[in-house]
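Data block below; observations after.
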Amino acid sequence: MEPVTDVQAQRDFMYGELDLGSFTIFSGSFINYGYWGEVEPGREITLAERTASQAELYRQVVSRLEPQAGQRFLELGSGIGVGAALIAREFDARVAGLDRSPAQLARAAETNAAALGELPDRLSYHEGSVTAIPWGDGEFDGVYAVEMLQHVDDLAAMAREAHRVLAPGGRFATATFFAPDGADTSRLPGLLETVASGVDVVRPVGEFAADLAAAGFQEVAVTPIGEHVWRQFDRWVAQTEHRDSWGRNWLGCYENGWVDYFLVTARG
Ligand SMILES: C[S@@+](CC[C@H](N)C(=O)[O-])C[C@H]1O[C@@H](n2cnc3c(N)ncnc32)[C@H](O)[C@@H]1O
């Protein structure tokens, strides 16, 4: 496990006692900003649409693994586990979810009890860190992470571990926020509380791509998907009691070119 720094303790609190997944900015036990289709202007977004956006982000990531039935996938930062259950079902895969938070793992066991019962050999949740992955070499056909790498201080170590546990030619895919290369990120801490505290780290996406290449990954590809994320997520937050919070600043940071949401894929 990583050393317990102040920042790490804050992250653990956020996913432990605070139970971020219960906040109304999220829904359906997912904890991500979502991949959205068009939402007509002038109407409320439904709770079902908010949940569907988060499930769709999972599909967008995992479809980049070029999945085939029966393959073994590792999810990094599986949270409350509903995404891993969805992937096991929809892609006919064997999915192991990894999370460092015992509280999230307890929620995952409870929330996905039915799926765990139906898919005993295809769905499981495990405690551990993405920088010390508790599996042997070459055990997975795909490794993926949905909106979690912003919490990892040592992405180079994560990249080495992801590469190690992938079978040769296996695929890696992730989606989360990074800075566009060359972006001025100096205003972010003043606008985004989790960046100011260090809970979220917004790195240049090219640095992460270089970490993947240095770990031995090939065909590293970076695709900005912010147009599918930020505007609709902001509309959703505006409907909640968090409408006056700093969370509304994400959209402005995106529109100024200081941050974006990216899909990053690679072959092991
Ligand atoms: C924003 S949530 C995303 C959860 C899920 N992927 C989703 O989209 O619903 C991030 C999760 O990553 C976990 N996490 C953070 N740092 C981690 C680390 N170093 N190793 C494993 N899990 C970590 C947290 O405990 C949390 O459950």
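Laboratory data are not the source of any read-out in this text; all were calculated from the coordinates shown. All values reported here derive from a predicted model rather than from experimental measurement. Note: ideal-geometry Cβ built from the backbone for every residue, glycine included; neighbour counts use all protein chains shown.
Numbers at a glance
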read-out	value
Which listed residue, of D181, D244, D234, is within 30 Å of L65 (Cα to Cα) and part of a loop (DSSP other than H, G, I, E, B)	D181
Residues of segment 1-27 that turn out to be within 9 Å of the ligand (Cβ to nearest atom) and assigned to a loop (DSSP other than H, G, I, E, B), as a count	4
Failed item, numbered, when E118 is tested on (1) more than 15 Å from the ligand (Cβ to nearest atom); (2) charged (D, E, K, R); (3) in contact with a Gly (Cβ under 8 Å, 6 or more places away or on another chain)	(3)
Answer residue from segment 83-92, given it is of a type outside the set (D, E, K, R) and surrounded by fewer than 24 Cβ atoms within 10 Å (Cβ to Cβ) and is nearest to the ligand (Cβ to nearest atom) among those	L86
Residue, farthest from D12 (Cα to Cα), within segment 145-170, restricted to residues that are of a type in the set (G, A, S) and surrounded by fewer than 21 Cβ atoms within 10 Å (Cβ to Cβ)	G169
Residue among Y58, Y33 that alone is buried (at least 20 other Cβ atoms within 10 Å of the Cβ), within 10 Å of the ligand (Cβ to nearest atom), among the aromatic types (F, W, Y) and part of a helix (DSSP H, G or I)	Y58
Residue pairs meeting the criteria (Cβ under 9 Å; at least 6 apart or on separate chains; first within 15 Å of G198 (Cβ to Cβ), in segment 142-161; second acidic (D, E) and within 10 Å of the ligand (Cβ to nearest atom))	Q150/D200; H151/D200; V152/E2; D153/E2; D154/E2
Hits in segment 83-128 (condition: closer than 18 Å to Y144 by Cα and among the aliphatic types (A, V, I, L, M))	A84, A85, L86, I87, A88, A93, V95, A96, L98, L105, A108, L123
